[in-house]
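Structure first, then comments.
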Amino acid sequence: MSAGAVHLVSLGCARNQVDSETMLGRLSAAGWRIVDDPAAADAIVVNTCSFIRPAMDESIDTILGLAEFKQKGRCRRLVVVGCLPERFGEEIVAALPEVDRFLGTGAFHRIVAAVADAGPPGAVCQLPDPDLLSPAAGLPRWRPSSPSAYLKIAEGCDRHCTYCIIPKLRGRQKSVPMEILVDEARRLAAEGVRELVLVAQETTAYGVDFTPPGHLSDLLRRLHAAVPQVWLRVLYGHPESIDDRTIAAVAELPGVCAYFDLPVQHASDRILRRMGRRQTGAELRALMGQIRRRVPDAVLRTTVIVGFPGETEADFRTLVDFVGEVRFDHLGAFVYSDHLDLPSHRLDGHVAPATARRRRDRLMRLQRDISRAAQERYRGRVCEVLIEAAPEPGLYEGRTRFQAPEVDGITYVSGEGVVVGRVCPVAIQDSLEYDLMGVPA
């Protein structure tokens, strides 16, 4: 199949988004034309997520929906890549006969051949070991026009949390060499990017697999020196691997957002042990206090799981008390997602789904009140806002240093003379539970 028009749908997390942009870069370099409309595509690619049950369902529904364009439209190839085929292997081939080729997480580099039907005969599902490849960093990426970009600094994970399938899907920790990341940061900055969001399975473990070991703080200092005009934001940290060196780098470097994304998952010592987490609730409290003392304007974000096997009402109350005490600026609560291939599936005491949902809703009601109070403290202050869009004349949307893309609220700016893609000082006049509103200062 000769190069034509290709449409790609990227599902799941920011790390998947980087993989999608890299695959589109490969396809563009091979002569394929990237189109936004699947009806105009000769080939369609779906980059899937299978981390939790809702993500699996969304992936399958998306595949089946896009298969309609192959059956009734101009599309001749449907390729499914990423975590869904990596998790379920050959059994997915019979379940989704509409798909022409499946590529696992170790086969992204084969995307051009898969779309062009140039692979080996009969190899419908290709699942090479993801640990056999180095992370695909520094390659050309086909990015949307945005002043913010993700920078994937590592792939894989060496931890063994009982609820998590990521090590199976992505392999061991594989950090990207620092020089490659600095070069990519310079290239993105030259393209107009004004915020780099560092992502990995565990960003705060960056460099532990190097010989000699590297450190996230060293990477932050190198990036800050290379692109001082660019905001640097770190997502997907881990409470156990963040240390004084990283906290100090955030405190000392003006270009690094004082934003700490540290998923704690729970606060009950008993549940943390069952999850395979090695910190206690007291240690987590101490860490959050340490960060706020060292970085007074720090913003804390976390995620928690409710309804984990064995979670009692007492365990849940411990979590509620912890959230009420720490008062995270941003928090996401998720109902435990079970599957046969997870070690946590074999634990006793599974919680009824209705009970887990009730606990999640109660926790999010508490967090809404906390978030509303956190937002109110910005009223009357002038904050830097990275302007990302202009939905209508005189109205702009952007984010402050304490709002991460896609997961937090946004800041609405009303006025004239505001430029998309630039940082604008904004006088905050009002706040909602998650969003802010202001005018140019």
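Check the straight Cα-Cα distances from residue 72 and name the aspartates and glutamates below 13 Å, setting aside those fewer than 8 residues away within the same chain.
42, 98
Note down the magnitude of the dipole of the chain about its Cα centre, charges +1 on Lys and Arg C-beta and -1 on Asp and Glu C-beta and zero elsewhere, to the nearest 20 debye.
Roughly 440 debye, rounded to the nearest 20.
Tabulate in residue order the Karplus-calculated ³J(HN,Hα) for region 169-177, using 6.51 cos²θ - 1.76 cosθ + 1.60 with θ = phi - 60°, rounded to whole Hz; enter x for Gly and Pro.
Going residue by residue, I get 7, 10, x, 6, 4, 9, 7, 7, x Hz, with x marking Gly and Pro.
Would you list 433, 179 from fewest to most Cβ contacts within 10 Å?
179, 433
Please list the non-local residues whose amide H lies under 5 Å from the amide H of residue 206, H modeled 1.01 Å from N, same-chain partners needing a gap of 5 or more.
216
Excluding residues on the same chain fewer than 8 positions from residue 174, give the lysines whose Cα lies under 23 Å from its Cα.
Counting by Cα, and skipping residues close in sequence, residue 174 has these lysines nearby: 152.
Please state, rounded to one decimal and in Å, the Kirkwood hydrodynamic radius that region 176-276 gives when every pair of distinct Cα atoms enters the mean of 1/r.
14.4
Can you list the residues, at least 5 places off or on another chain, whose amide H is less than 5 Å from the amide H of residue 105, using H built in the peptide plane?
Result for residue 105 returns 82, 86.
Would you grab the residues whose amide H sits under 5 Å from the one on residue 231? Only those 5+ places off in sequence or on another chain, please, with H modelled 1.01 Å from N.
Under 5 Å from the amide H of residue 231: 195, 196.
Please work out whether region 5-132 counts as rounded, prolate or oblate from its C-alpha gyration tensor, where a ≥ b ≥ c are the square roots of the eigenvalues and a/c under 1.5 means rounded, while otherwise a/b larger than b/c means prolate and anything else oblate? List each step's numbers first, then the result.
Numbers: a/c = 1.25, a/b = 1.15, b/c = 1.09.
Since a/c stays below 1.5, the shape of region 5-132 is classed as rounded.
In which sequence would 242, 165, 111 go, from the one with the fewest C-beta neighbours within 10 Å to the one with the most?
With the sparsest Cβ surroundings first, the list reads 165, 242, 111.
Magnitude of the Cβ-charge dipole of region 129-274, K/R +1 and D/E -1, about the Cα centre, nearest 20 debye?
Around 340 debye, computed over region 129-274.
Rounded to the nearest 500 deg cm²/dmol, what is the calculated helix-only ellipticity per residue at 222 nm for the chain, with -39500 (n - 2.57) per DSSP H run of length n ≥ 4?
That comes out to -10500 deg cm²/dmol.
When every alpha-carbon pair in region 120-215 is counted, what percent end up more than 20 Å apart? Walk me through the numbers before you get to the answer.
Working: 2132 of 4560 pairs.
Summing the P(r) of region 120-215 above 20 Å gives 47 percent of all pairs.
Which residue, chosen from 35, 125, 104, occupies the Cα position most advanced towards the positive end of the dipole of region 5-132, where the dipole is computed from +1 (Lys, Arg) and -1 (Asp, Glu) charges on Cβ about the Cα centre?
In region 5-132, that residue is 35.
Can you sort 178, 275, 23 by how many other beta carbons sit within 10 Å, fewest first?
Fewest-to-most ranking of 178, 275, 23: 178, 275, 23.
Going from the alpha-carbon gyration tensor of region 148-376, what semi-axes, largest first and in whole Å, does one get by taking the root of 5 times each eigenvalue?
Taking √(5λ) for each Cα gyration eigenvalue gives 32, 21, 15 Å.
Relative contact order (percent) for the chain, with alpha-carbon contacts under 8 angstrom and 6 or more residues of separation? All intermediate terms of the calculation are to be shown ahead of the outcome.
Details: 895 pairs, mean separation 42.7, N = 441.
Computed value for the chain: 10 percent relative contact order.
Once the dipole of region 192-277 is set up with Lys and Arg at +1 and Asp and Glu at -1 on Cβ about the Cα centre, which of 197, 236, 272 lies farthest towards its positive end?
272
Is the C-alpha gyration tensor of region 26-71 telling us rounded, prolate or oblate? Criteria: a/c under 1.5 is rounded; beyond that, a/b larger than b/c is prolate, otherwise oblate. Present the calculation step by step, with values, prior to reporting the outcome.
Working: a/c = 3.49, a/b = 1.63, b/c = 2.14.
Verdict is oblate for region 26-71.
Which value, in debye to the nearest 20, describes the size of the charge dipole of region 382-440 about its Cα centre when Lys and Arg Cβ atoms bear +1, Asp and Glu Cβ atoms bear -1, and nothing else is charged?
240
With a cut-off of at most 16 other beta carbons within 10 Å, and DSSP calling the residue loop, which trypsin sites (Lys or Arg not before Pro) in region 171-207 qualify? Please list them.
Sites meeting the loop and neighbour criteria: 172.
Among 247, 389, 82, flag the residue with its Cα farthest along the positive direction of the charge dipole of the chain, charges on Cβ as +1 for Lys/Arg and -1 for Asp/Glu.
247
Just to check, using Stokes-Einstein with a Kirkwood Rh over alpha carbon pairs, what's the diffusion coefficient of the chain at 25 °C and 0.890 mPa s in µm²/s?
Estimated diffusion coefficient is 106 µm²/s.
Please list the equivalent ellipsoid semi-axes of region 224-305, computed as the square roots of five times the alpha-carbon gyration tensor eigenvalues, in descending order and whole angstrom. Walk me through the numbers before you get to the answer.
On the way: eigenvalues 142, 31, 19 Å².
So the equivalent ellipsoid measures 27, 12, 10 Å along its semi-axes.
Per residue Cα convex hull volume for region 364-441, in cubic angstrom?
Value for region 364-441: 80 Å³ per residue.
Values in this text are rule-based calculations from the coordinates and carry no lab data. For clarity, every value in this text was computed on a predicted model and none was experimentally measured. Using ideal geometry, Cβ is built from the backbone for each residue, glycine included, and neighbour counts are taken over all protein chains shown.
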